[in-house]
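Below is one structure, written out as structure tokens; the observations come after it.
The values are calculated or read from the model by the stated rules, or taken from the named source; none is laboratory data. Just so it is clear, the model here is predicted, and its values are computed rather than measured. Because the Cβ atoms are built from the backbone with ideal geometry, glycine has one as well, and the counts that use them run over all protein chains shown. Surface areas here come from the heavy atoms of the whole protein model, side chains and all, with no ligands, DNA or RNA. Shrake-Rupley method; radii C 1.70, N 1.55, O 1.52, S 1.80 Å.
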Amino acid sequence: MKRTAFFISDGTGITAETLGNSLLAQFEAIEFERIILPYVDSVAKAEKAAARINQTAAASGIRPIVVDTIVDKNIRKILDAADCLNIDIFAAFLAPLEAELKVESSYSVGKSHSATTSPVYLARIDAVNFALDNDDGARTRHYAEADIILIGVSRSGKTPTCLYMAMQFGIKAANYPLTEEDMNDLKIPASLEPFRHKLFGLTIEPERLAAIRNERRANSRYASLKQCYHEIDEVEMLYEREQIPFISTTDKSIEEISTRILAETGLQRRLQS
């Protein structure tokens, strides 16, 4: 069975998409075609979105699922009248909060994305710049500023995890790729030794690593299953010998990897408001 799902927002659509996907993931037997409509912040745009929803319903004979984070009441009326099952994310939360806080919501469009000069936003940008500047062991002299240093073999997920932790949590994450030379003596590289308390390891199943590497360098020694098995065996022995905490990235999303790292290390999110 296939259904169409719209994620509609007056802002970037990230919140609607994230929460909507979490809901739809509970229905594994159904295939969803996902359509994201961001910046629906006027009556004209809402009417255009509603027309597209109605066209989809007419063409398929099945009404679409609509997940939205629209707060403007005039825009909401237009979407509510469309031929769809409309899930209003904010409606479930704003009314109870208004009752509890005894204050009405401001119902401001794009409120959560407006403060581009706030300390939280600036912390996010600073953390992202740090992750980019300290990728793949490029500048180990900056490691004193790092909140965490991810280590692991090439293509085990270090860079995307660092960037996600920076964007979502404001964590200053650096990463260092462990090479065959680094692991010859099963010791932490000298440049990392002063920061061993910040180290966190990533590992991955050799078969998955070989598949990823083959996309980059097909039929090379670097991507061979034998080489991948060797590197993973060595790096996991290093982690255990040096008592470095580590997790496998094999079947985990970047979101799950990052959240697990924070939970295991006790690192505090800097983006709280």
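Enter the accessible area per residue of segment 1-94 (Å², integer; probe 1.4 Å; all protein chains in place).
Accessible area per residue: 54 Å².
What range in the chain is the longest one free of trypsin sites (Lys or Arg not before Pro) that are in a loop by DSSP and have at most 13 other Cβ atoms within 10 angstrom?
No qualifying site falls inside 1-101, the longest such stretch.
For Kirkwood radius over Cα pairs in Å, the choices are (i) 21.6; (ii) 20.9; (iii) 20.3; which was calculated from the structure?
Computed from these coordinates, Kirkwood radius over Cα pairs in Å corresponds to label (i).
Express the carbon and sulfur contribution to the solvent-accessible surface of the chain as a percent, rounded to the nearest whole number, probe 1.4 angstrom.
That fraction is 51 percent.
Among T161, L209, A46, pick out the residue whose Cα is farthest towards the positive end of the charge dipole of the chain, where Lys and Arg carry +1 and Asp and Glu carry -1 on C-beta, about the Cα centre.
A46
Only Cα pairs within less than 10 Å get springs; with that Gaussian network setup on the chain, which residue of D68, D135, D80 has the largest fluctuation?
Result: D80 has the largest fluctuation of those listed.
Mind checking which of Y176, I247, N129 is farthest towards the positive end of the chain's charge dipole, using Cβ charges of +1 (Lys, Arg) and -1 (Asp, Glu) about the Cα centre?
Positive-most Cα among the choices belongs to N129.
Exceeding 32 Å between C-alpha atoms, which entries from my cross-link table qualify? They are K77/K102; K2/K252; K48/K172; K45/K158; K2/K48; K102/K252.
From K77/K102; K2/K252; K48/K172; K45/K158; K2/K48; K102/K252, over 32 Å: K48/K172; K45/K158; K102/K252.
In Å and whole numbers, how far do the C-alpha atoms of segment 14-54 stretch along each principal axis, longest first?
The principal-axis extents, from largest down, are 35, 22, 10 Å.
Starting from the Kirkwood Rh over alpha-carbon pairs, what translational D in µm² s⁻¹ does segment 154-273 have by Stokes-Einstein at 37 °C and 0.692 mPa s?
The diffusion coefficient I find is 217 µm²/s.
For segment 170-246, what does the accessible surface come to per residue with a 1.4 Å probe? Please give it in Å².
53
Helix by helix through the chain, keep the DSSP H runs that span 20 Å or more along the axis on Cα and average at least 0.5 on Kyte-Doolittle, and give those back in order.
119-133
When 1/r is averaged over all different Cα pairs and the result inverted, which Kirkwood radius in Å belongs to segment 16-97?
13.4
Just to verify a number: FRET efficiency for D126 and E31, C-beta to C-beta distance, R0 = 51 Å, to 0.05?
It comes to 0.80.
Provide the gained length on full extension for the span A218 to I244, in nm with one decimal, where the gain is 0.36 nm per separating residue minus the Cα-Cα distance.
6.2 nm
Using only the alpha-carbon atoms of segment 26-156, report the extent along each of the three principal axes, biggest first, to the nearest angstrom.
Principal extents (Cα only, largest first): 59, 42, 28 Å.
Compute, for the chain, the length of the dipole vector about the Cα centre, with Cβ point charges of +1 (Lys, Arg) and -1 (Asp, Glu) only. Units Debye, rounded to 20.
Roughly 580 debye for the chain.
Can you give me the long-range amide H partners of T203? Hydrogens built in the peptide plane at 1.01 Å from N, cutoff under 5 Å, separation of 5 or more residues or another chain.
The list, which skips near neighbours in sequence, is I247, S248, T249.
For the chain, set up a GNM with springs between Cα atoms under 10 Å and report which of S156, S258, S224 has the largest fluctuation.
Its mean-square fluctuation being the largest, the pick is S224.
Let me check I've understood the local charge: for K77, count other residues with C-beta under 13 angstrom from its C-beta, Lys and Arg +1, Asp and Glu -1. What total comes out?
Taking every Cβ under 13 Å from that of K77, the sum is -3.
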